[in-house]
Amino acid sequence: MDDDEINDLTAVFLASDLAHEVANVYGDRVGVGIDPGFATQAVFETFRDLLGDPNEGPVIFLALASLQLRRRSVLPPIRDAVLALIESGDANRAWRQLDTGMNRQRKAALDTLADLLRASDGP
């Protein structure tokens with residue numbers, strides 16, 4: 001998968017307001033040279049109250065995985081957490097809508113993300 005395809009996939013996972021906020025916190029830090037691990041920690045600190053929420057928590061993790069994938073620096077704990085969310089169905093349930101066509105597209109995006117994360121070697 002080339003950079004344009006990864007950027008298109010990432011855009012799917014950054015579409016919500018919360019995911020956009022995650023991208024801002026993460027991007028502000030890595031954009032000035034802060035290590036991805038520390039930038040991830042800043043996201044966790046900023047959104048700590050939402051991490052355990054069954055609807056919001058998966059959004060945070062999916063956004064982080066997408067951002068890290070785009071930068072080719074997927075941290076193993078993020079990769080493993082997102083794979084667990086996808087495999088358990090929690091990621092899809094957090095994203096579910098009434099539009100069945102949209103649900104199929106999102107499920108396909110989750111499957112693609114899982115494949116890319118499994119193939120990633122980490123930072």
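Put simply, of T100, T112, T46 the only residue that is among the polar types (S, T, N, Q) and modelled with pLDDT of 95 or more is T46.
Filtering segment 69-81 to residues that are part of a helix (DSSP H, G or I) and either at pLDDT 95 or above or touching a strand residue (DSSP E or B) at 6+ places or on another chain (Cβ under 6 Å) (or both) leaves P76, P77, I78, R79, D80, A81. Just one of the numbered conditions (1) part of a helix (DSSP H, G or I); (2) at pLDDT 95 or above; (3) surrounded by fewer than 21 Cβ atoms within 10 Å (Cβ to Cβ) is not true of L51: (1).
A count restricted to segment 1-48 and to residues that are hydroxyl-bearing (S, T, Y), closer than 17 Å to L75 by Cα and not in a helix (DSSP H, G or I) stands at 0.
Conditions (1) over 23 Å from E5 (Cβ atoms); (2) charged (D, E, K, R), marked per residue:
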residue: G31; (1), (2): no, no
residue: I34; (1), (2): yes, no
residue: T46; (1), (2): yes, no
residue: L50; (1), (2): yes, no
residue: E56; (1), (2): yes, yes
residue: V74; (1), (2): no, no
residue: I86; (1), (2): no, no
residue: A108; (1), (2): no, no
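Taking segment 31-48 only, how many residues are surrounded by 19 or more Cβ atoms within 10 Å (Cβ to Cβ) and not small (G, A, S)?
Initial filter on segment 31-48 (surrounded by 19 or more Cβ atoms within 10 Å (Cβ to Cβ)): 36, 39-40, 43, 47.
With not small (G, A, S) added as a condition, the list becomes 36, 40, 43, 47.
Summing the residues that are surrounded by 19 or more Cβ atoms within 10 Å (Cβ to Cβ) and not small (G, A, S) in segment 31-48 gives 4.
In the set (1) assigned to a helix (DSSP H, G or I); (2) closer than 20 Å to Y26 by Cα, L85 fails one condition alone, (2). Of the numbered criteria (1) among the polar types (S, T, N, Q); (2) in contact with a helix residue (DSSP H, G or I) (Cβ under 8 Å, 6 or more places away or on another chain); (3) closer than 27 Å to A108 by Cα, the one N24 fails is (2).
The values are calculated or read from the model by the stated rules, or taken from the named source; none is laboratory data. Note that the structure is predicted; figures quoted are calculated from it, not measured. With ideal geometry, Cβ positions are generated from the backbone for all residues, glycine too; neighbour counts draw on all protein chains shown.
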